[in-house]
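Single-structure report; data block below.
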There are 2 protein chains.
Amino acid sequence: MKNFSYKKLFQFTQAIFEKIGFLEKEAILATQALLQADLRGIDSHGVARLSGYVRLWEAGRLNPKPNIQVLYETPSTATLDGDSGVGLVVAQKAMEIAIQKAETYGTGWVAVQNSNHFGIAGYHAMLALQKNMIGIALTNASPLVAPTFSTDRLLGTNPIAVAIPAKNEPPFVADFATTTASNGKLEILERKGEKAPWGWLQDAQGNITTDTQARKQGGALLPLGSDYEHGSHKGYCLGALVDIFSGVFSGANYALWVPPFVNYLPLPQNPVGKGIGHFLGAIRVDAFRPADEFLNHMDNWIQTFRNAKAVEGKRVLIPGEPERIAEQERLRNGIPLMPSVVEDLYNLAEKFKILFPQN
Amino acid sequence: MKNFSYKKLFQFTQAIFEKIGFLEKEAILATQALLQADLRGIDSHGVARLSGYVRLWEAGRLNPKPNIQVLYETPSTATLDGDSGVGLVVAQKAMEIAIQKAETYGTGWVAVQNSNHFGIAGYHAMLALQKNMIGIALTNASPLVAPTFSTDRLLGTNPIAVAIPAKNEPPFVADFATTTASNGKLEILERKGEKAPWGWLQDAQGNITTDTQARKQGGALLPLGSDYEHGSHKGYCLGALVDIFSGVFSGANYALWVPPFVNYLPLPQNPVGKGIGHFLGAIRVDAFRPADEFLNHMDNWIQTFRNAKAVEGKRVLIPGEPERIAEQERLRNGIPLMPSVVEDLYNLAEKFKILFPQN
């Protein structure tokens, strides 16, 4: 592991997006969204995926200069056509519209079709915090997860993010996949040759297995809850809701038709919509009571949970706290990248004839 | 177990609500909401709780003739003061307002303070289906659940319900507590003297236990996911979101301050708001794309999941399907009530000098 400064990784990533045809302004937006994952410690969703986005562009599946347009709207809602742009940018435009609508109508809700992966959901939800609003971000993703009692992979890891501002306390930021464990964690175990804990995945027959290889042999990730006895039907409901809000609301693909991020997998036949789908929401903090009252009670909520009695040797965490601590640390000390990621970025540098930073 | 007809239980329940001072119209609304739990097979939330509502009234905590009022609003949002009315009725008024707002603005969102328990969340979400809308219902509840790594009980079982209409298919209706298992299931195990499965609850020190008695000895229910390795921090996020949307948005109580349903427990000291809180939402099916397109794709979504390959001996279920089948069966054959529930209702009949139905 070697550490790289945020600033240098930013310049490099922005340059790559510009090399594949992004306008400078949109290259900056995409880089901000992508690197937020690295800063917040969600390494699987950051620069480690930069070459993946480049491969999508090479395959003709990512439009570097999309004409992002509102297709449909009501006072508090809109549907956006991402024109095959990168979700990293498209979702930010969607949140901008949601915020504008919330300014006038109290809340704003934007469904997005014809997009690509948008990085971490939390980044997009947190955009609303800058306007003193509550932000919500959902996205569907290519199918890796089996519904309860099924052996078919029909759902993505379909994350839910909600960011809620407070007054003196840092914001509450929930951001989680609707599976028991993320695909990223399984990849790490696989690389180390280790077994997965019980309940993270099933084999091709639908039996829970600890073999991480099962993912490549007809198996599937499990919805939050792991099995029926532990509430996997609730995790299935959550993943389904994210799929419907992101895909069926917007006119994007859903279920098995959501296109894969990796370009070596074929695109699903007979698509039911366009690209992948997102769903963004913004709620004014004074939509339900005066802003000051709301923010003071959020402070009290956060302090109450932070000061709750903890299990011996542990601390009660507020959603978003571990990621905020990681961000402070990594802005100071740099972002640690695995050798395979560094090599990947170095290859991109070679391909596009730009300098790769040494730290 | 003895079966009672829906019609007779309805008349009886309505009569009890009228005896404690409800207007006829509101007694009917309350009965509809309460008995929907019995019809849908969620026995813990139906007539089994009727005597609990009566005890709340006896304790002066339930206002039979509330003056339910809008406290605050924006075009797409409102906050309702339930005036200590029963949630069974108050939440229906809230959904009515959400639907009106959605008719004009695309979506409508109503936070409710100063309410009491509202029965099953699914009933309130499903009200939107009658207007061809998507319905959402959340409520907080008295604290039984410990956040991940805590030994304090700070969250209720805080359910989430979302009802989504389709065209020819029955609607998609998700309705679930944000815990691994419901308190009702634990009560049943306790009555039978059986152990709970791993992961449903913890003891006073925060260790997972199978002893159902732990609930009464300083233990707690666990958030969906059971432990950190299996994603309990995600279940904690979900329960927290429901608490904040229901309690902090509205000016109701939240966290440890949510008042208990049972009147033998003391009210929490220094309340931070009024009563318990709900959050209701309505979204027009044509808020994001033409109604027909949306409804056709919902049919396709539902058929895709229903026809997914199932694990041997199982069937892939659509959220709401088991409850719909229970409803059809119970409308036909009656609602089975346990002897203890029958006795409870019989005692109410005696107290209020009304006839208790024999079947």
Original post:
Which far-off residues, 5 or more places away or on another chain, put their amide H under 5 Å from the one on A:LEU71, with H placed in the peptide plane?
Top reply: A:THR79, A:LEU80, A:ASP81
**OP:** Go ahead and run the numbers for FRET between A:ARG315 and B:LYS7, Cβ-Cβ distance against an R0 of 45 Å, rounding to 0.05.
**Re:** 0.25
Original post:
Computed over the Cα atoms, what is the radius of gyration of region A:1-45 divided by 2.2 N^0.38 Å, N being its residue count?
Top reply: 1.14
Original post:
In a shell of Cβ-Cβ distance under 13 Å around B:PHE149, excluding B:PHE149 itself, what net charge do Lys and Arg (+1) and Asp and Glu (-1) give?
Top reply: -1
**OP:** Any chance you could look up the accessible area of A:ASP43 with a 1.4 Å probe, heavy atoms only, rounded to 10 Å²?
**Re:** 60 Å²
**OP:** Just the number, please: buried accessible area between B and A, total of both chains, 1.4 angstrom probe, nearest 100 square angstrom.
**Re:** 7100 Å²
Subject >> Greater than 18 Å apart at Cα, pairs in A:LYS234/B:LYS234; B:LYS25/B:LYS65; A:LYS7/A:LYS65 >> reply: A:LYS7/A:LYS65
**OP:** Take the alpha-carbon centre of region B:134-196, take the same for region A:101-138, and report the distance between them in whole Å.
**Re:** 27 Å
Original post:
In debye, nearest 20: dipole of chain B around its Cα centre with unit charges on the Cβ of K, R (+) and D, E (-)?
Top reply: 540 debye
**OP:** Return a whole-number percent for the relative contact order of chain B, with Cα pairs under 8 Å and 6 or more residues apart as the contact set.
**Re:** 22 percent
Original post:
Per-residue accessible area for A:MET126 at 1.4 Å probe radius, Å² rounded to 10?
Top reply: 40 Å²
Subject >> Cβ neighbours within 10 Å from other chains - mean over B:144-151 >> reply: 5
Subject >> Separation between Cα centres of region A:31-77 and region A:272-304, rounded to whole Å >> reply: 23 Å
Subject >> Accessible-area order (highest first, 1.4 angstrom probe) of the listed residues A:LYS8, B:LYS131, B:LYS7 >> reply: B:LYS7, B:LYS131, A:LYS8
Subject >> Cα-based Rg / Dmax (Å) for region B:147-199 >> reply: 15.8, 48
Subject >> Nm distances between copies for B:GLN205, ranked from closest, using label points 7 Å along Cα→Cβ >> reply: 3.9
**OP:** For region A:309-314, take each phi angle, set θ = phi - 60°, evaluate the Karplus expression 6.51 cos²θ - 1.76 cosθ + 1.60, and give the result in whole Hz per residue in order, putting x for glycine and proline.
**Re:** 5, 9, 4, 3, x, 10
**OP:** Would you mind listing the distances between the B:VAL70 label point and the same position in each other copy? Use 7 Å along Cα-to-C-beta, nm, one decimal, shortest first.
**Re:** 2.4
Original post:
Between B:LEU155 and residues 5 or more places away or on another chain, which pairs have amide H atoms under 5 Å apart, with H built 1.01 Å from N, and which residues are they?
Top reply: B:LEU144, B:VAL145
Subject >> Estimated dipole of the protein assembly as shown in Debye, rounded to 20 [Cβ of Lys and Arg +1, of Asp and Glu -1, Cα centre] >> reply: 220 debye
Subject >> With every protein chain in place, the protein assembly as shown: carbon and sulfur % of accessible area (1.4 Å) >> reply: 50 percent
**OP:** Check the axis relating chain B to chain A and name the residue of B whose C-beta is nearest, distance in whole Å.
**Re:** B:SER76, 2
Original post:
Roughly speaking, what % of Cα-Cα pairs in chain B are separated by over 26 Å, rounded to a whole number?
Top reply: 52 percent
Original post:
Cross-link partners among lysines for B:LYS351, C-alpha distance below 18 Å, same-chain residues fewer than 8 apart left out?
Top reply: B:LYS19
**OP:** Determine one quarter of the surface area of the Cα convex hull of region B:293-359, which equals its mean projected area, and express it in nm² to one decimal.
**Re:** 8.1 nm²
Original post:
How high is the FRET efficiency between B:LEU71 and B:ILE188 when r is their beta carbon distance and R₀ equals 30 Å, given to the nearest 0.05?
Top reply: 0.15
Subject >> Highest average packing first - B:158-170, A:180-192, Cβ atoms within 10 Å >> reply: B:158-170, A:180-192
**OP:** Have a look at A:PRO171, A:TYR105, A:VAL342 and report the one farthest towards the positive end of the charge dipole of chain A, computed about the Cα centre with Cβ charges (Lys/Arg +1, Asp/Glu -1).
**Re:** A:VAL342
Original post:
Given the protein chains as shown and a 1.4 Å probe, how many square angstrom of A:ASP292 are accessible, to the nearest 10?
Top reply: 80 Å²
**OP:** Would you tell me the mean number of C-beta atoms belonging to other protein chains that fall within 10 Å of each C-beta in A:69-75, as a whole number?
**Re:** 4
**OP:** List the residues of region B:95-110 that lose 20 Å² or more of accessible area once all protein chains are present, compared with their chain alone (1.4 Å probe, heavy atoms only, no ligands or nucleic acids).
**Re:** B:TYR105, B:THR107, B:TRP109
**OP:** Can you work out the accessible area per residue across region B:3-53, with the rest of the protein chains kept in place, probe 1.4 Å, in square angstrom?
**Re:** 35 Å²
Subject >> Per residue value of the accessible surface for region B:132-215 (all protein chains in place, 1.4 Å probe), Å² >> reply: 33 Å²
**OP:** Using only the alpha-carbon atoms of region A:175-262, report the extent along each of the three principal axes, biggest first, to the nearest angstrom.
**Re:** 40, 33, 28
**OP:** Within a 10 angstrom radius of each residue's Cβ in A:305-312, how many Cβ atoms of other chains show up on average? Whole number is fine.
**Re:** 6
**OP:** Work out from phi, with θ = phi - 60° and the Karplus expression 6.51 cos²θ - 1.76 cosθ + 1.60, the ³J(HN,Hα) of each residue of region B:118-129, listed in order in whole Hz, and give x for Gly and Pro.
**Re:** 10, x, 8, 4, x, 4, 5, 4, 5, 4, 5, 4
**OP:** Could you calculate the FRET efficiency of A:TRP198 with B:ILE325 from 1/(1 + (r/R0)^6), where r is the beta carbon distance between them and R0 is 41 Å, rounded to 0.05?
**Re:** 0.85
Original post:
Which ³J(HN,Hα) values, rounded to whole Hz and listed in residue order, are derived for region A:249-258 from phi using the Karplus coefficients 6.51, -1.76 and 1.60 in 6.51 cos²θ - 1.76 cosθ + 1.60 with θ = phi - 60°, glycine and proline given as x?
Top reply: 4, 8, x, 7, 6, 8, 6, 5, 8, 5
Original post:
Kirkwood Rh, the protein assembly as shown, all Cα pairs: how many Å?
Top reply: 26.0 Å
**OP:** May I ask you to report, in nm to one decimal and beginning with the shortest, the distances from A:GLN100 to the same position in the other copies, taking label points 7 Å along Cα-to-Cβ?
**Re:** 3.0
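The values are calculated or read from the model by the stated rules, or taken from the named source; none is laboratory data. Please read all numbers here as calculations on a predicted model, not as lab measurements. Counting neighbours? That spans all protein chains shown, and the Cβs are built from the backbone with ideal geometry, glycine included. Keep in mind that these areas ignore ligands, DNA and RNA; they rest on the heavy atoms of the full protein, side chains included. Shrake-Rupley method; radii C 1.70, N 1.55, O 1.52, S 1.80 Å.
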